[in-house]
Amino acid sequence: MFINFWYPMALAGEVTDKPLRTRALGLDFVLFRDAQGAVRCLANTCIHRGGSLGSGKLVEGQVQCPYHGWRFDGDGRCTHIPTLAADARIPARARVDAYPVAERYGVVFAFLGDLPEDERPPIMDLEQWGREGWSVTSMVYDWNASFDRVIENGLDATHTEFVHPSAGLQGGFDPSAIRGQRLVTGPWSSACQMETDRVDIEHGHHGPSQQWTFLTFKMKGFTGKFRFYSFVRPIDAHSVRRYLFHARDCQHGEKMDADMVKTTLGFELEDRPVIEEMRPVFSPRDALTELLLPEDEIMMSYRRFLADWERRGWLIDDVALAERGRRKVFAVPGPGRRETRNWVLEPVPLVSPAA
Ligand code: FES
Ligand SMILES: [Fe+2]
């Protein structure tokens, strides 16, 4: 799991007039709406004595800890300590990490890391959102699998024949049907493009945990574009919540929307047991653990990107987190840590780039 990327934390409609506790990267966060109605995201653990802010309440757009009533604003600063005299100073260390938030596509994203704004990798663009001529459906579901296995499944073109009988596929494979396989890379992404007589296919990843699949059908009886976008939040090292969007420029209408959701959920049910049972649980970074073939080129590319982000020091040491996390509370360092030192919670352990 990586810090310094945007993660989908909740549906916008789930953040109401109560704080919402949510889990990402093996740590707890709290979401709430401030007095202006903007969603804010803080580390969930109160730095006084460890209360869970997500179980507190909102007071004038600030979150109040359920244990002794300390209040924190959207920037994570403690604004009120009930036991202090009115003229007493609130200690400078009385603050929790706050994370940048963006509401997009009906989802609340938080940037879980400390990079300054101009260095942050962007959120994947769902360019058909709100665009005329496109219908978009969405769904949310959880898998007991590591985020990288889930993303790689979205990148994997050759499993479809074998895992998805619901799409009318029977496990036959004609290698000559696939032509022109091409890898395209960007600063945060890579994609594999290929074509068959019936459909042009593109699978790509954006960052470690966002992924797209584009299908452009060109059959006699059916032409049209399907665009799948998947935003994955690692809940912890072994489970994810996936926010999946499907955009299409054809077959509009409510009935088709419902059919699309049903079909996509059918695929989900077919994929899930296969991915949840893969071993190792995490996708390997070395070249020896699996026997990849040229058609798995995009997997290798994705893993090269992960290795690069690991070299930047962004990979959470989930073994240390699991072991030490029983006795300690960690927080993803927010951008505020670049401005001031001396925070109560220890930063989440990261794999040292030299290791
Ligand atoms: S633990 Fe939060 S106010 Fe005491
Ligand atoms: Fe699949």
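Taking the stretch 107-144 as the search range and keeping residues that are acidic (Asp, Glu) and within 22 Å of residue 237 (Cβ to Cβ), which one is surrounded by the most Cβ atoms within 10 Å (Cβ to Cβ)? Looking at residues that are acidic (Asp, Glu) and within 22 Å of residue 237 (Cβ to Cβ), I get 114. Annotation note: Cβ proximity below 8 Å between a residue of the stretch 116-130 that is within 17 Å of residue 243 (Cα to Cα) and a residue that is among the charged types (D, E, K, R) and in a loop (DSSP other than H, G, I, E, B) (sequence gap 6+ or interchain) occurs for 128/249. Can you run down the residue pairs with Cβ atoms below 7 Å, 6 or more apart or on separate chains, where the first is in the stretch 284-302 and under 17 Å from residue 154 (Cβ atoms) and the partner is of a type outside the set (S, T, N, Q) and part of a helix (DSSP H, G or I)? Here the result reads 292/299; 292/300; 298/155; 299/152; 299/155; 302/151; 302/152; 302/155, each pair linking the stretch 284-302 to a residue that is of a type outside the set (S, T, N, Q) and part of a helix (DSSP H, G or I).
Applying a threshold of 8 Å to beta carbon distances and a minimum spacing of six or more residues, or different chains, the list of pairs starting in the stretch 150-169 at a residue that is without any contact (Cβ under 8 Å) to a residue 60 or more places away in the chain and ending at one that is away from ligand 1 (no atom under 16 Å from the Cβ) and not in a helix (DSSP H, G or I) reads 160/169; 161/169; 161/170; 161/171; 161/172; 161/173; 162/169; 162/171. Restricting attention to the stretch 58-68, and to residues there that are under 15 Å from residue 79 (Cβ atoms) and either surrounded by 15 or more Cβ atoms within 10 Å (Cβ to Cβ) or aliphatic (A, V, I, L, M) (or both), which single residue is farthest from ligand 1 (Cβ to nearest atom)? Only one residue fits best here, namely 61.
Every test in (1) closer than 23 Å to residue 315 by Cβ; (2) more than 16 Å from ligand 1 (Cβ to nearest atom) is passed by residue 97 save one, and that test is (2). Looking across the stretch 50-95, the residues that are in a loop (DSSP other than H, G, I, E, B) and touching a Phe, Trp or Tyr at 6+ places or on another chain (Cβ under 6 Å) come down to 51, 81. The number of residues in the stretch 292-310 that are exposed (fewer than 13 other Cβ atoms within 10 Å of the Cβ), over 20 Å from the mean Cα position of the chain (by Cα) and at pLDDT 95 or above comes to 0. Within the stretch 72-94, the set of residues being under 25 Å from residue 348 (Cβ atoms) and within 12 Å of ligand 1 (Cβ to nearest atom) comprises 72, 78, 94. Residues that are out of contact with any Gly (no Cβ under 9 Å at 6 or more places or on another chain), aliphatic (A, V, I, L, M), within 16 Å of residue 204 (Cβ to Cβ) and within 16 Å of ligand 2 (Cβ to nearest atom) within the stretch 138-189 comprise 150, 151, 157, listed in sequence order. Within the stretch 27-37, is even one residue among the small types (Gly, Ala, Ser) and touching a strand residue (DSSP E or B) at 6+ places or on another chain (Cβ under 7 Å)? No, every residue in the stretch 27-37 fails to be among the small types (Gly, Ala, Ser) and touching a strand residue (DSSP E or B) at 6+ places or on another chain (Cβ under 7 Å). Listed by first and then second residue, the pairs with beta-carbon distance under 7 Å, at least 6 apart or on different chains, first residue in the stretch 60-71 and closer than 12 Å to residue 35 by Cβ, second more than 6 Å from ligand 1 (Cβ to nearest atom) and of a type in the set (Ser, Thr, Tyr), are 62/79. Scanning the stretch 88-101 for residues that are hydrophobic (A, V, I, L, M, F, W, C) and surrounded by 14 or more Cβ atoms within 10 Å (Cβ to Cβ) returns 90, 94, 96, 98, 101. Assess whether residue 199 counts as being within 22 Å of the chain's Cα centre (by Cα) and among the β-branched types (Val, Ile, Thr). The answer is no for residue 199.
The values are calculated or read from the model by the stated rules, or taken from the named source; none is laboratory data. Note that this is a predicted model, so its numbers are computed, not measured. Note that each Cβ is placed from the backbone with ideal geometry, even for glycine, and that neighbours are counted across all protein chains shown.
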